[in-house]
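Inspection log for the structure reproduced underneath, given as structure tokens.
The values are calculated or read from the model by the stated rules, or taken from the named source; none is laboratory data. What you see is a predicted model, and the numbers here were worked out from it, not measured in a lab. Because the Cβ atoms are built from the backbone with ideal geometry, glycine has one as well, and the counts that use them run over all protein chains shown. Surface accessibility is based on the protein's heavy atoms, side chains included, excluding ligands, DNA and RNA. Shrake-Rupley method; radii C 1.70, N 1.55, O 1.52, S 1.80 Å.
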Amino acid sequence: MSDFPDRLHNHEENSSSLPQSIADGRVDQELVFSIFDRLDTGVWIFDFDHKRILWANRKALEITDSATLEELRSRDMGKDMSHSVEQRLRQYQQDFCKHDVSFAEIWTLYPKGTAQVLQVVMSGIRLNDGRMALLCEGRPHHEQQPETLRSAEALMHTTVMISLFAEDGTPLYRNTAARAACPKLETRFEDQFVDPHEARRLLDQVVEDRTARLVANIETPAGARWHELTIRACHDAVSGQPAYLVSEIDVTELHETKERAQYLASHDTLTGLSNRTYLKERVTQVLQTAADNNQRATLYLVDLDDFKMVNDSLGHAAGDALLQIVAHTLKELAGPDDIVARLGGDEFLICHLEEPDHHIPDWFGQALLANFATSQLIDGKPRQIGLSIGYAHFPEDGKSIDQLMRNADLALYQAKTDPKCKCVRYRERMRLLRDEHHSIKKDLERAIRDNEFVLHFQPIACTNTERVVGAEALIRWHHPMKGLVRPDEFVPIAEETGLINDIGAWVGNQVGALQADLAKAGFSIPLSMNVSPRQMSDPHFMTRMQALADLTGCHPGMISLEITESVLLGDIPNAFETLTVLKAAGYRIVIDDFGTGYSNLAYLHNYPIDGIKIDRMFMEDIATGGAIVKLILSLASALGAEVVAEGVETAEQRTWLSENGCNRFQGFLYSKPVPEDDFRAMLRSQVRLAVM
Ligand code: C2E
Ligand code: CA
Ligand code: CA
């Protein structure tokens, strides 16, 4: 058992110093030793560092069953010493160096095979070389009841930490385990806690209920550990004063397992970011801090563009890799107190306080976009990752997390549909816009079901002969309420929602059937159809187009597929493979709106391209010399690609094209897109003209 300074005999009085004289004369060293040998108390000096007994009186030799002092001195006391005893003695030794204290323990020794119970009092004694040794006094302990003895033993060996504190937190007693777990002997109750508030709370509860229990983070010589503390109000048996009896067990492992379970439940395993659990509480906390400090906070929603396409065409492993890249970047850019969460799928949330001196409201979003401006290595290949970001500021754009999320989501929706502005702040009008989009989407689903689409055909004519040499199929929507709706109003929404795949399948069937039908009627006229980027990574599109000849009797060599430059830029997964398959099936591949994207003719030779359509914006260029059109024409001729000029509205433009070697044109000058019947009539009249 250990004890504490204030309750201990002071060893100046009790043990180490000897009387300087005895009444009838000086006392020599021999007399002193003979006195020691007559004591019924075993006295020995233990050199803990070397695990040797340096000196012992006769009683001690008896206790330790040694014939001579020499024999005892030569014994290696460390041999049978358990680790816990060694630790305890070392602790005592250190305590002796710092304080004038002694400790009492009950020892059971077995010198001649029979148990001998001793009360051992240990105190420090400085050796000549300056080291601290242990001065031990062992008295027989017959008077103890077996029960008391056993409980004393149990108290010494148990791993439960038991301590007694005075009402003001002063330590009165600690058992061995408690002593080993406290950094310093004099550490007060509240000073053991990493967070002293917890100690206060615990004590307040004891005052109320007489007992309390808590798992808390406690400072120990082995660092901070988790202890489960049970504390009870009682009285100190010695002074009778109110006291607290505290028993503690180390639950660090259990606590960490629990914490881990909680971590797993509140985090996304793929990215390590927080998930939706507790998100509301945490964001609300940030907003509260913002409100308290009169600060601004921002909530961002980030969504990957075409993530489904990556997943579908490159596989889930590539999709996962992409999500991890995004999560990693978000963590890198965010501050330590920012909330970064994955809401599910490819949607992420970031919420942070804004520093008052930060003047760019969307700096985080811009930094994120800048990070993804260069391509990322996914599935071994560099790929361009598109992100859309919507954000809302607290308090201007919303005061609660629900409101901020709803509004950031509206902004995100806008960012998704806008190819140029990918980081968008919430504005009030967005609600209306989205409602409109929603209703169009619903309408489109019905339109597909009820077959409300029709194709119009815009002739492509020869710049020299003005004869029809082809036609482009352009979709129209016969809306039951709105009348004829132009593709610009619904194709982007159809692309975004994926409905374009169904619509595109219908267009393919119509165009295939018409080409076959025209051929039967003797019109060997090539037709063009528009294919949106999204269709290029739809594996069904590929197989459907392969089967189209069998299904409709069309001749794929008479059908041009108009694709945009973005398809060639590597943004669309599997585009090159699809192109190759379509080309092998016999279709002609034409680049639409040429010159509006980033592609240049120099690399077109990598692709199986049959033709290009010069975008109508270059027709204005003709009035000022047409340098760009000339350049496109000469490069196209070098590649052997056929050129169609789009959006030709004036005779001057047509003449210029004819003079500069562009044979084909399309535009209002010749004809607007017309219904199929009108187009057929146009073809028939052309035959009549030729016959006349
Ligand atoms: P696009 O492929 O560039 O089609 C040409 C557009 O220019 C057509 O608009 C046409 O009416 C218009 N246009 C033709 N000549 C002139 C002209 O001289 N002046 C002017 N100002 N415009 C002219 P439209 O029919 O409204 O189609 C718009 C876009 O919708 C198309 O652009 C195409 O990208 C898309 N689209 C049309 N049909 C389909 C389809 O079946 N599938 C897909 N995926 N997209 C389609
Ligand atoms: Ca087109
Ligand atoms: Ca075009």
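R0 = 56 Å: FRET efficiency of Ala370 with Val687, Cβ-based, nearest 0.05? Write out the running numbers ahead of the final one.
On the way: r = 59 Å, r/R0 = 1.06.
For R0 = 56 Å, the calculated efficiency reads 0.40.
If each residue of separation counts as 0.36 nm, what is the full-extension length gain between Ser84 and Arg446 once their alpha-carbon separation is subtracted?
On the way: separation 362, 0.36 × 362 = 130.32 nm, distance 7.97 nm.
Stretched fully, the Ser84-Arg446 segment lengthens by 122.4 nm.
Extent of the stretch 345-438 along each principal axis, from alpha carbon coordinates, in Å, largest to smallest?
Largest first, the stretch 345-438 extends 44, 38, 24 Å along its Cα principal axes.
To the nearest 20 Debye, how big is the dipole of the chain about its Cα centre, given +1 on the beta carbon of each Lys and Arg and -1 on that of each Asp and Glu? Intermediate results must be reported in sequence, preceding the final value.
Values: 71 positive and 102 negative charges, 384 e Å.
The dipole magnitude comes to about 1840 debye.
For a quick check of your reading of the filter: which chymotrypsin sites (Phe, Trp or Tyr not before Pro) in the stretch 647-692 sit in a DSSP loop and have no more than 14 other Cβ atoms within 10 Å? Present the calculation step by step, with values, prior to reporting the outcome.
On the way: sites: Trp656, Phe665, Phe668, Tyr670, Phe679; in loops: Phe668, Tyr670.
Within the stretch 647-692, the qualifying chymotrypsin sites (Phe, Trp or Tyr not before Pro) (loop, at most 14 other Cβ atoms within 10 Å) are Phe668.
Assuming 0.36 nm per residue, please report the length gained on full extension of the stretch Lys630 to Ile360 beyond their Cα-Cα distance.
Working: separation 270, 0.36 × 270 = 97.20 nm, distance 4.40 nm.
Taking 0.36 nm per residue and subtracting the Cα distance, the gain is 92.8 nm.
Taking the dipole about the Cα centre of the stretch 450-691, with the C-beta of Lys and Arg at +1 and of Asp and Glu at -1, give me whichever of Pro487, Thr552, Gly625 is farthest to the positive side.
Comparing the listed Cα positions along the dipole, Thr552 ranks first.
What are the semi-axes of the equivalent ellipsoid of the stretch 633-692, taken as the square roots of 5 times the eigenvalues of the Cα gyration tensor, listed largest first and rounded to whole Å? Before the final figure, lay out each step's value.
On the way: eigenvalues 131, 38, 31 Å².
Output for the stretch 633-692: semi-axes of 26, 14, 12 Å.
What percent of all Cα-Cα pairs in the chain falls into each 10 Å bin, going from 0 up to the bin containing the maximum distance?
Final binned percentages: 2, 11, 15, 13, 11, 8, 7, 7, 7, 7, 6, 4, 2, 1, 0, 0, 0.
Please report, to two decimal places, log10 I(q)/I(0) for the stretch 57-198 at q = 0.11, 0.12, 0.14, 0.20 Å⁻¹ as given by the Debye formula with identical point scatterers on the Cα atoms and no solvent.
The computed values of log10 I(q)/I(0) come out as -0.51, -0.60, -0.81, -1.45.
Which value at 222 nm does the chain reach when only helices count, each DSSP H run of 4 or more adding -39,500 (n - 2.57), with the total divided by all residues and rounded to the nearest 500 deg cm²/dmol?
Values: 25 runs with 283 residues, N = 692.
The helix contribution divided over the chain gives -12500 deg cm²/dmol.
Could you list the residues of the stretch 650-669 with an amide nitrogen less than 13 Å from a label point located 7 Å from the Cα of Cys462 in the Cα-to-C-beta direction?
Hits in the stretch 650-669 for Cys462 at 13 Å: 663-665.
Between rounded, prolate and oblate, where does the stretch 267-426 land on the alpha carbon gyration tensor, with a ≥ b ≥ c its root eigenvalues, rounded for a/c under 1.5, else prolate if a/b exceeds b/c?
Numbers: a/c = 1.92, a/b = 1.63, b/c = 1.18.
Prolate shape, in that a/c is at least 1.5 and a/b is the bigger ratio.
With unit charges on the beta carbons (Lys and Arg positive, Asp and Glu negative) and the dipole taken about the Cα centre of the chain, which residue among Gly130, Asn407, Ile589 sits farthest to the positive side?
Of Gly130, Asn407, Ile589, it is Ile589.
Checking the a/c ratio against 1.5 first, then a/b against b/c, what shape does the Cα gyration tensor give for the stretch 166-251?
Details: a/c = 1.79, a/b = 1.24, b/c = 1.44.
Oblate.
Under a point-charge model restricted to the Cβ atoms of Lys and Arg (+1) and Asp and Glu (-1), what is the dipole moment magnitude of the stretch 158-257 relative to its Cα centre, in debye to the nearest 20? Walk me through the numbers on the way to the answer.
Numbers: 10 positive and 17 negative charges, 53 e Å.
Charge dipole, the stretch 158-257, about its Cα centre: 260 debye, nearest 20.
Please get the size of the charge dipole for the stretch 267-426, origin at its Cα centre, with Cβ charges of +1 on Lys and Arg and -1 on Asp and Glu, quoted in debye to the nearest 20. Don't skip to the answer; put the middle values down first.
On the way: 15 positive and 23 negative charges, 50 e Å.
Here the size comes out at about 240 debye.
Can you pull out the GluC sites (Glu not before Pro) in the stretch 591-682 whose DSSP state is coil and whose Cβ has at most 15 other Cβ atoms within 10 Å? Intermediate values should be presented prior to the final figure.
On the way: sites: Glu620, Glu642, Glu646, Glu649, Glu652, Glu659, Glu676; in loops: Glu646, Glu649.
Passing sites in the stretch 591-682 are Glu649.
Let me check I have the definition right: for the stretch 290-383, take the eigenvalues of the Cα gyration tensor, multiply each by 5, take square roots. What are those semi-axes in whole Å, largest first? Intermediate results must be reported in sequence, preceding the final value.
Values: eigenvalues 173, 36, 20 Å².
Gyration-tensor ellipsoid for the stretch 290-383: 29, 13, 10 Å.
With a point put 7 Å past each Cα toward its Cβ, work out how far Tyr110 is from Leu639 in nm, to one decimal.
Output for this residue pair reads 9.6 nm.
Given 0.36 nm per residue, what is the gain on full extension from Asp502 to Met481 after removing their alpha carbon distance, in nm? Please report the intermediate quantities before stating the final value.
Working: separation 21, 0.36 × 21 = 7.56 nm, distance 2.21 nm.
So the extension gain works out to 5.3 nm.
Rounded, prolate or oblate: which fits the stretch 450-691 when a ≥ b ≥ c are the square roots of the eigenvalues of the alpha-carbon gyration tensor, with rounded for a/c under 1.5 and prolate only if a/b beats b/c? Present the calculation step by step, with values, prior to reporting the outcome.
Working: a/c = 1.41, a/b = 1.11, b/c = 1.27.
Judged from the Cα gyration tensor, the stretch 450-691 comes out rounded (a/c under 1.5).
Per the Kirkwood definition applied to all pairs of different Cα atoms, how many angstroms is the hydrodynamic radius of the stretch 337-391? Don't skip to the answer; put the middle values down first.
Working: mean 1/r = 0.0759 Å⁻¹.
By the Kirkwood definition, the hydrodynamic radius is 13.2 Å.
In the stretch 451-513, which GluC sites (Glu not before Pro) are in a loop and have at most 16 other Cβ atoms within 10 Å, using DSSP for the loop call? Walk me through the intermediate numbers first.
Working: sites: Glu452, Glu466, Glu472, Glu489, Glu495, Glu496; in loops: Glu452, Glu466.
Answer in residue order: Glu452, Glu466.
Skipping prolines and chain starts, which residues have an amide H placed within reach, meaning under 5 Å, of the one on Asn663, given they are 5 or more residues away or on another chain?
For Asn663, whose amide H was placed from the backbone, the distant partners under 5 Å are Val643.
Return the subset of Lys422/Lys613; Lys308/Lys672; Lys381/Lys613; Lys280/Lys416 for which the Cα-Cα distance in this structure is over 32 Å, preserving the input order. Can you show the working numbers first?
Working: Lys422/Lys613 28 Å; Lys308/Lys672 37 Å; Lys381/Lys613 30 Å; Lys280/Lys416 25 Å.
Too far apart for the 32 Å limit: Lys308/Lys672.
Rank these residues by their accessible area, most exposed first, probe 1.4 Å: Glu445, Glu347.
Details: Glu445 75, Glu347 45 Å².
Final ranking, largest accessible area leading: Glu445, Glu347.
How much accessible area per residue does the chain have, counting only protein heavy atoms and a probe of 1.4 Å, in square angstrom? Please report the intermediate quantities before stating the final value.
Numbers: 35360 Å² over 692 residues.
Result: 51 Å² of accessible area for each residue.
What is the packing order of peptides 350-361, 398-409, taking the mean over residues of other C-beta atoms within 10 Å and listing the highest first?
Numbers: 350-361: 14.9, 398-409: 19.0.
In descending order of packing, they fall as 398-409, 350-361.
Taking only the alpha carbons of the stretch 144-212, what extent do you get along each of the three principal axes, in Å, biggest first?
41, 28, 18
Compute the FRET efficiency between Leu39 and His235 as 1/(1 + (r/R0)^6), taking r as their Cβ-Cβ distance and R0 = 25 Å, and round to the nearest 0.05. Don't jump to the answer; show the numbers that get you there.
Numbers: r = 37 Å, r/R0 = 1.46.
Efficiency, rounded to the nearest 0.05: 0.10.
Among DSSP bridges having both ends in the chain, what percentage is antiparallel? Round to the nearest 5.
Working: 98 of 122 bridges.
Once the DSSP bridges in the chain are tallied, antiparallel ones form about 80 percent.
Can you tell me the orientation of helix 401-417 relative to the chain, as the angle in degrees between its alpha-carbon axis and the longest Cα principal axis, to the nearest 10?
40 degrees
Put a dot 7 Å past each Cα toward the Cβ at Arg434 and Lys51; how far apart are the dots in nm?
7.4 nm
R0 = 51 Å: FRET efficiency of Lys672 with His540, Cβ-based, nearest 0.05?
Values: r = 33 Å, r/R0 = 0.64.
Efficiency, from the Cβ-Cβ distance: 0.95.
Along the charge dipole of the chain, which of Thr170, Pro221, Pro459 sits closest to the positive end, that is, farthest toward it, with unit charges on the beta carbon of Lys, Arg, Asp and Glu (+1, +1, -1, -1)?
Pro459
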